[in-house]
Amino acid sequence: MRPLTRSLLCTFLAAGLIQTVPALAADAETDALLLESSPEAVPEAVRDTRLFVEGMVGTAGQRYLPGNRDLWRGSLDFSHTARLGSGWRAVISDRLDRIYPTDPGVDSTVNSLREAYLSWQPKSANAVMELGRVNLRYGPGYGYNPTDFFRDGSLRTLTSANPFALRENRLGTVMLRGQGLWTGGSLSVAYAPKMADRPSPDGWNLDLGSTNNRDRALIALNTQFSQSVSTQLLAYKEVDMSPALGASLTALLSDAAVAHLEWSRGSEPDLLSRALALPGDADARNRFAGGITYTTLGKLSITAEYQYNGFALSQSDWAALGTTAPATQMVYLREAQRRQELASREAYLIYISQKSLFLKNLDLTAFLRVNAGDHSQLAWVELRHHWPSFDLAFQLQQHIGDRASEYGVLPDRSVAQVLGIYYF
Amino acid sequence: MTKKVPPVFMNSRVLSFALFVLGPSLAWAAPSAKEILAASDAIRNPGRPFSVTVTLTEFQAGKQVDTSTLVSYSRTQPQSGQFASLIRFVLPARDAGKLMLKNGNDLWFYDPASKASVRLSPQQRLLGQASNGDVTTVNLAKDYRATLLGEEEIQDGERRKRKAYKLGLTALSPDVTYASIDMWVDVENNRPLKARFFAESSRLLKTAYYRRFQPQLGAVRPTETVIIDGLNPQSVTLMRFSDYVARTIPETWMQRDFLPRFQPE
């Protein structure tokens, strides 16, 4: 083909394409205009009640014993809000878990009454009063929340290592709470009295001994400085302890990036003294979590978080504990878990979520916790597919590290489980 | 001898005079681009606080792949003149009770199960279906400079030919979701008919058709929006609006700390 003919042909083809592409787009638009909506749902009937059942089967690879051990769990999760008129509401939220296997002395059937309270909002809607078991949670941190002052003892059952899923099982604290709201801010005051001495191993007990075993009070001031920055200041006091202070901040850094910071300072015994019930001195120390979340246009969100707990064992103290009294390492880790505390002085968290991975309704969530002292790691990954009323998930968890490390000392080396959740 | 004024010159002088005298009143008579846009905003959105049920139906290549329902509680913020919205997810059951707050760039997602309020970046919010509300519940006249580009005959959402003003909208600040918008507004009644939403890179993000106009809260408003993905025209979302209700929605509700307490009647 001669050059002139070839270039003429190319020109015609290009001109043809330029004409065709808008025509195709116009065809697609005309096709779109032929589509019909789904019938409208009747939200009134469904919006006040939430109910789902969840089943899990799994296996755990053991570190100290040969072979694997089987795991299974069945759960029923229910919450409901009843409107009583004149701004009054009653809220109830409950979860029933049947778990196998369980730790010695712990019931295999555990009922967690997470919330049961009365709420009143006057017509002006600038105030809220609540009385009963309320799940009051603070802090923007992903994996560690120093300003979440009502977190200790609030987890009755551990069904996931995912910090977000863990919070779903959390027990509320019985309290009287008032909140005043104004444009761009609010002030909340809560008082939680002592109602029992110690936690109950009875699966059907309300377990007020876990959440209300001492008198406590919290004041929280929320201020929005601009559309990009908001803060919370908190003051917390419990009986026989010095007041603790906390602050948190979230900021929009760009179209795709958000930062969060969370800090608290209090005077209390260190975590090991608490774990071993030793009369430790109360020292003033800090707790901190700070991170950045970045989201790509490809539906991938990545969070990197640094965590610090001044009350936790330093790496050298942890190593010394492993040498002198290795059994106490597990006691210490259990106490850290019960209090939802960071067991190491410093740690890192990488949290990733990818929506629509290959398929529209397939989501990937994964995180990696790293102990900054001994470099042991907890890796967790979940693939979850959604159908209209059903979720199917596969989870894999790996504890990586040598035997003297935080994650390497745990009795399970790995956990694999399949979950099915049906939403009514 | 008097110089004869050529008729053409005389005519132009008369015309200039006429334009000088009548010009302002002619300009007064023809609506400005900003006025057209504001009138079109007022048709899409009630001027008082309201709630509306939104049914979203997603299609891929003409096949329905997903459906969801949410209720949006919106009010105009006195300082910005812009809409703030609290969106409560209703269906599917998995998402029931979850909330999203949009007050300008103050974006929060609240999950009642984990009690977690998470600040979102605008890009993070664009991943979800709630962001499609931006093509509907927004006062464009507040955030964009409008230019009248002319009049065109276009196909509307009901596939009928309509004569429309074509408006070119450019963002007044970088904070808004879309850098520029092409908007077609019915010349007869200022109804929004169609819009194309562009990113800063001039990439087409969405095309929207407003249709099924019905009387709702004191005006004839579009009760369905067809949203066609800019990159993949085979990806289409229909947003059906029903149950418009005028409500008392205090400004104090539009903040993060109220999300755990939000229990609308």
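So what's the projected area for the range A:257-348, the Cα convex hull averaged over all directions, in nm²?
Numbers: hull surface 28.5 nm².
The orientation-averaged projected area of the Cα hull of the range A:257-348 comes to 7.1 nm².
Label zone of residue A:64 (point 7 Å out along Cα→Cβ, amide N under 17 Å): in the range A:366-406 this covers A:399-406. Placing a label point 7 Å from the Cα of residue A:328 along the Cα-to-Cβ line, the residues of the range A:258-298 whose backbone N sits under 20 Å from it are A:268-283. Rounded to the nearest 20, the Cβ-based charge dipole of the protein assembly as shown about its Cα centre (Lys and Arg +1, Asp and Glu -1) stands at 1820 debye.
Here's how it looks for residue A:203: its modeled amide H is under 5 Å from those of A:107, which are all 5 or more places away or on a different chain. The angle between the Cα long axis of helix A:315-324 and the longest principal axis of the Cα atoms of chain A comes to about 50 degrees, rounded to the nearest 10.
To the nearest 0.05, what FRET efficiency results for residue A:31 and residue A:125 with a Förster distance of 30 Å applied to their C-beta separation? Mind dumping the intermediate values first?
Details: r = 46 Å, r/R0 = 1.52.
The calculated FRET efficiency here is 0.05.
For the range A:343-413, the pair-distance distribution built from all alpha carbon pairs, in bins 10 Å wide starting at 0, is 20, 39, 24, 15, 2 percent. Computed over the Cα atoms of the protein assembly as shown, pair by distinct pair, the Kirkwood hydrodynamic radius stands at 28.3 angstrom. Based on the Cβ-Cβ distance from residue A:242 to residue B:65, what FRET efficiency comes out when R0 is 56 Å, to the nearest 0.05? With a Förster radius of 56 Å, E is 0.45. Just to be sure I understand: with springs between alpha-carbon atoms less than 10 Å apart, which residue in A:198, A:95, A:339 has the highest mean-square fluctuation in the Gaussian network model of chain A? It is A:198.
Between helix A:326-338 and chain A there is an angle of about 70 degrees, using the helix long axis and the longest principal axis of the Cα atoms.
GNM remark for chain A: springs join alpha carbons under 10 Å apart, and the peak mean-square fluctuation among A:278, A:71, A:35 falls on A:35.
For the range B:164-174, the Karplus equation 6.51 cos²θ - 1.76 cosθ + 1.60, evaluated at θ = phi - 60°, returns couplings of 9, 6, 9, 10, x, 10, 10, 5, 7, 9, x Hz by residue, with Gly and Pro reported as x.
Just name one of A:297, A:310, A:173: the one whose Cα is farthest towards the positive end of the charge dipole of chain A (beta-carbon charges, Lys/Arg +1, Asp/Glu -1). It is A:297, whose Cα lies furthest towards the positive end. What the Cβ-Cβ distance of residue A:337 and residue A:194 gives, at R0 = 22 Å and to the nearest 0.05, is a FRET efficiency of 0.40. GNM on chain A, alpha-carbon springs under 10 angstrom: the most fluctuating residue among A:325, A:82, A:379 is A:325.
Since every read-out is calculated from the coordinates, none of them should be taken as a lab result. Small disclaimer: the values here were computed from a predicted structure and weren't measured. Cβ coordinates were reconstructed from backbone atoms using ideal geometry, including for glycine residues, and neighbour counts include every protein chain displayed.
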